[in-house]
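Before any comments, here is the structure.
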Amino acid sequence: MTPDQLRAFCLEFNACAEEFPFTPETSVFKVLGKVFALSALDSVPLSVNLKCDPDEALRLRAEHPAIVPGWHMNKRHWNTVTLDGSLPDKQVRELIEDSYDLVVAGMPKAVRLTLDRP
């Protein structure tokens, strides 16, 4: 997955915005103001921080060397995923979607309904 593909996929979600609150190089993708993905899109290798269920995070880290505890994040709830080609793009997209869904799940039901997410 390229930086442009990562950005485009993250921006496909409902009510998503890209912001730069830390540095001009760090893209922060938010849904209604809540972070679901962070990436320095110019880094080599490319990586992205994604929210994850704590039990699933441990399983993924054990199975994939490209997935480690979230850099500068709560390591129980966040993973850093290195996009070095060792993970299929489909799996990366699923991890991004799971992160988005976890953030949306923490929002009030009325807000979730406006996003077409159960």
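Scanning the stretch 28-43 for residues that are part of a loop (DSSP other than H, G, I, E, B) and of a type outside the set (A, V, I, L, M) gives G33, D42, S43.
For (1) within 13 Å of N49 (Cα to Cα); (2) surrounded by 13 or more Cβ atoms within 10 Å (Cβ to Cβ); (3) modelled with pLDDT under 95; (4) of a type in the set (S, T, Y), each residue gets a yes or a no:
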{"residue": "H72", "(1), (2), (3), (4)": "yes, no, yes, no"}
{"residue": "D98", "(1), (2), (3), (4)": "yes, yes, no, no"}
{"residue": "M107", "(1), (2), (3), (4)": "no, yes, yes, no"}
{"residue": "D116", "(1), (2), (3), (4)": "no, no, yes, no"}
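The residue pairs whose first member lies in the stretch 59-81 and is on the phi > 0 side of the Ramachandran plot, whose second member is in a strand (DSSP E or B), and whose beta carbons are closer than 8 Å, counting only pairs six or more residues apart or on different chains, are H72/N49.
A quick yes/no check of all residues on (1) under 14 Å from F29 (Cβ atoms); (2) part of a helix (DSSP H, G or I); (3) of a type outside the set (D, E):
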position	(1), (2), (3)
P45	no, no, yes
D55	no, yes, no
R59	no, yes, yes
A62	no, yes, yes
P65	no, no, yes
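For N79, the conditions (1) surrounded by fewer than 14 Cβ atoms within 10 Å (Cβ to Cβ); (2) touching a strand residue (DSSP E or B) at 6+ places or on another chain (Cβ under 9 Å) all hold with the exception of (1). Only residues that are assigned to a helix (DSSP H, G or I) and either at positive phi or surrounded by fewer than 17 Cβ atoms within 10 Å (Cβ to Cβ) (or both) were counted across the stretch 82-92, and they come to 3. Give me the pairs, please: first residue somewhere in the stretch 82-100 and under 12 Å from S47 (Cα atoms) and free of Cβ contacts under 8 Å to residues at least 12 places away in the same chain, second residue anywhere and among the aromatic types (F, W, Y) and part of a helix (DSSP H, G or I), beta-carbon distance under 8 Å, and either six or more positions apart or on two chains. That search, which allows pairs on different chains as well, returns nothing.
The values are calculated or read from the model by the stated rules, or taken from the named source; none is laboratory data. Given the structure is predicted, the values throughout are model-derived calculations rather than measurements. Methodologically, a virtual Cβ is constructed for each residue, glycine included, from the backbone with ideal geometry; neighbour enumeration extends over all protein chains shown.
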